[in-house]
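Below: the structure, in structure tokens.
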Amino acid sequence: MSIKGVIEAHCPKGCESFEAEIWSFIHGGRSPELREAVAAQECNLLLCPACGAAFFAEAPYIYFEPADDILFFVFPASFQAEEPRWRKKMAEDFLEFKKAMGDKLPLGQEPEICFGPERLATLLSEEDYRAEEVEVMEAVAQELGLPLYRVRRGFARRMGIPASLPYAPAKKGEGVTRANLIAGLERLLAANDRLTAYQSYLDGLRRAPAGELPLARC
């Protein structure tokens, strides 16, 4: 669930302060309307009741989307002048957050920090774009009878690779290997050559020496 709090808000134009409800914790996977607000850079945007001025609340919030391995502590842009202080505060708050979440927090999940809404908004928009290509790929893979290897989303994002990959087992029951990943991608792209992220990943696989498979999603 997502959580609200109340702050005393101060209009940048010097109007009388007022109480306002703001989001302090947003679970993006369970609150799609709030996810949209974060992506549109409208989360915790306030309107002064006296003059109508729009401004962001001078208070941080946590954005959590476990399915996509996203955990951000979002601070107001004005807090960046004291970045070391707020990074220390984030580390302290994250310890409490881990205790509260328990096994609901993905193993190895670490928070990121941003000052202002732009960085997180960009990340969410990019995730939506990648998800659309994955959706197309999975439809094509299903038509071709190709099984899917699902990569941990945070790992895929860091490495710049798709979070769902088709593979073509050489025999029944064979698990995913580098060779059958290449074979699956080749079949996929022969059927649909507009899947640019998959073409890039295939090119990288062909160039790179044998190595470990991408980290699988739990």
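The values are calculated or read from the model by the stated rules, or taken from the named source; none is laboratory data. Treat the numbers as computed from the prediction; the structure is a model and nothing was measured. As a convention, Cβ positions derive from the backbone with ideal geometry for all residues, glycine included, and neighbour counts pool all protein chains shown.
If the condition is being part of a helix (DSSP H, G or I) and closer than 30 Å to residue 169 by Cβ, then the range 100-128 contributes only 127.
Number of residues in the range 80-96 that are closer than 16 Å to residue 62 by Cβ and surrounded by 12 or more Cβ atoms within 10 Å (Cβ to Cβ) equals 7.
Residue-wise test of (1) within 28 Å of residue 1 (Cβ to Cβ); (2) at pLDDT 95 or above; (3) in contact with a Gly (Cβ under 7 Å, 6 or more places away or on another chain); (4) assigned by TED's automatic domain parsing to the domain that holds residue 196.
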position	(1), (2), (3), (4)
65	yes, no, yes, no
90	yes, no, no, no
102	yes, no, no, no
111	yes, no, no, no
138	no, yes, no, yes
142	no, yes, no, yes
145	no, yes, no, yes
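A count restricted to the range 1-41 and to residues that are more than 14 Å from the chain's Cα centre (by Cα) and touching a residue at least 60 places away in the same chain (Cβ under 8 Å) stands at 2. Taking the range 151-218 as the region of interest, the helices (runs of 4 or more DSSP H) fully inside it that hold 3 or more residues being over 30 Å from residue 110 (Cα atoms) are 178-191, 196-207. Residues that are of a type outside the set (A, V, I, L, M) number at least 1 in the following strands (runs of 3 or more DSSP E) confined to the range 1-61: 3-9, 18-27, 54-56. Taken as a whole, the range 87-94 holds no residue that is in contact with a Lys or Arg (Cβ under 9 Å, 6 or more places away or on another chain) and either acidic (Asp, Glu) or part of a loop (DSSP other than H, G, I, E, B) (or both). Residues that are of a type in the set (Lys, Arg) and crowded, with 17+ Cβ neighbours inside 10 Å within the range 188-217 comprise just one, 217. Note on the range 164-218: residues that are under 16 Å from residue 139 (Cβ atoms) and either in contact with a strand residue (DSSP E or B) (Cβ under 9 Å, 6 or more places away or on another chain) or not aliphatic (A, V, I, L, M) (or both) total 11. Within the bounds of the range 127-143, is there any residue that is buried (at least 18 other Cβ atoms within 10 Å of the Cβ) and under 19 Å from residue 63 (Cα atoms)? Checked the range 127-143: at least one residue is buried (at least 18 other Cβ atoms within 10 Å of the Cβ) and under 19 Å from residue 63 (Cα atoms).
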